[in-house]
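Below you'll find the structure, written out as structure tokens, and then a few comments.
The values are calculated or read from the model by the stated rules, or taken from the named source; none is laboratory data. Since the model is a prediction, treat every value here as computed from it, not as a measurement. Note: ideal-geometry Cβ built from the backbone for every residue, glycine included; neighbour counts use all protein chains shown.
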């Protein structure tokens with residue numbers, strides 16, 4: 001508030017104009033009650049002239065308060081300057097009233113400057129102190145808004161940095177697992193390893209194209225899952241039965257990028273990789289009112305004896321908390337007939353369908 005905004009200038013002019021009108025009405029009522037003759041024009045001219053003198057004084061005092069506000073660690077020198085400013089206003093107003101008296105007519109007889117100064121100095125200085133107090137309220141309010149904006153920007157940057165760190169953990173983790181699977185396959189089935197490399201290339205292309213975007217459509221996210229399942233299908237063969245049950249109205253809902261992959265990977269790790277018999281993994285998605293519900297279900301051994309979240313699931317939960325706060329949930333639970341289910345509930349946000 002180093003420069004007085006135009007909105008404050010308009011507010012000050014309006015306030016003193018209203019003050020002058022109210023004083024005019026009050027004086028006319030007093031004169032009428034006492035039987036004193038007074039014209040509306042004379043009283044209005046006197047009171048509006050008095051109010052007009054306060055407009056520049058008020059703006060200057062507000063500027064002084066913004067220029068030298070009282071702070072906890074620095075208040076002695078600003079206080080002295082502000083008190084001097086209030087006294088200066090009293091002296092300047094007394095001088096101005098004396099100079100403008102021939103045209104305005106504040107006094108019955110032209111007074112001496114000392115008399116005007118003594119009569120108005122203390123009153124105007126006290127009013128000036130009140131104006132300085134109002135100026136400090138404006139200054140402190142602006143400082144509070146500035147701190148709130150700065151805190152919001154810092155929080156957004158912190159959240160983005162945390163999301164970037166989580167993505168940096170997730171992508172190498174997934175890439176390492178995929179390359180490890182290809183390395184296991186390349187020595188005894190070169191064709192299968194080649195197919196896995198093609199699928200991995202699709203995943204890397206998707207990652208590069210999305211860059212730092214945190215959101216994508218469920219349609220695109222399922223494309224990533226198809227590439228990932230293509231890699232794992234080569235490695236696990238008939239042991240993996242993968243299915244999708246996606247509601248059409250959920251297909252273009254917005255979801256965090258690479259959110260489903262660690263959930264599907266968790267299901268493969270605990271359901272398929274630990275068994276020799278065929279296992280089923282299913283991805284489901286549907287809308288419930290203004291919510292998007294996603295599930296990854298498997299028929300494996302269920303929740304381990306010490307339930308918890310691995311790196312991928314922990315990162316997914318942290319990312320959801322960063323992106324949605326409390327307006328999300330991620331539940332990991334065993335199923336009565338065996339296996340486990342991860343359910344994610346998110347606010348439903350729709351994106352444009354691909355051309």
Practice problem: Select from region 258-280 the residues that are surrounded by 24 or more Cβ atoms within 10 Å (Cβ to Cβ) and outside any helix (DSSP H, G or I) and list them in ascending order. | Solution: 258, 259
Practice problem: Give region 318-336 a look and list any residue that's over 16 Å from residue 267 (Cα atoms), surrounded by fewer than 18 Cβ atoms within 10 Å (Cβ to Cβ) and out of contact with any helix residue (DSSP H, G or I) (no Cβ under 9 Å at 6 or more places or on another chain), or say none. | Solution: 321, 324, 325, 326, 327, 336
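One line per residue, one yes/no per condition, for (1) outside any helix (DSSP H, G or I); (2) at pLDDT below 80; (3) over 42 Å from the mean Cα position of the chain (by Cα):
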position: 38; (1), (2), (3): yes, yes, yes
position: 42; (1), (2), (3): no, yes, yes
position: 49; (1), (2), (3): no, yes, yes
position: 53; (1), (2), (3): no, no, yes
position: 58; (1), (2), (3): no, no, no
position: 62; (1), (2), (3): no, no, no
position: 73; (1), (2), (3): yes, yes, no
Practice problem: Could you tell me whether region 175-185 includes any residue that is at pLDDT below 65, under 30 Å from residue 224 (Cβ atoms) and crowded, with 16+ Cβ neighbours inside 10 Å? | Solution: no
Practice problem: Filter region 306-322 down to residues that are closer than 12 Å to residue 262 by Cβ and either in a loop (DSSP other than H, G, I, E, B) or not assigned by TED's automatic domain parsing to the domain that holds residue 342 (or both) and give me whichever is modelled with the lowest pLDDT. | Solution: 309
Practice problem: Go over the candidates 198, 297, 303 one by one and state the one that is within 17 Å of residue 316 (Cβ to Cβ) and modelled with pLDDT of 80 or more. | Solution: 297
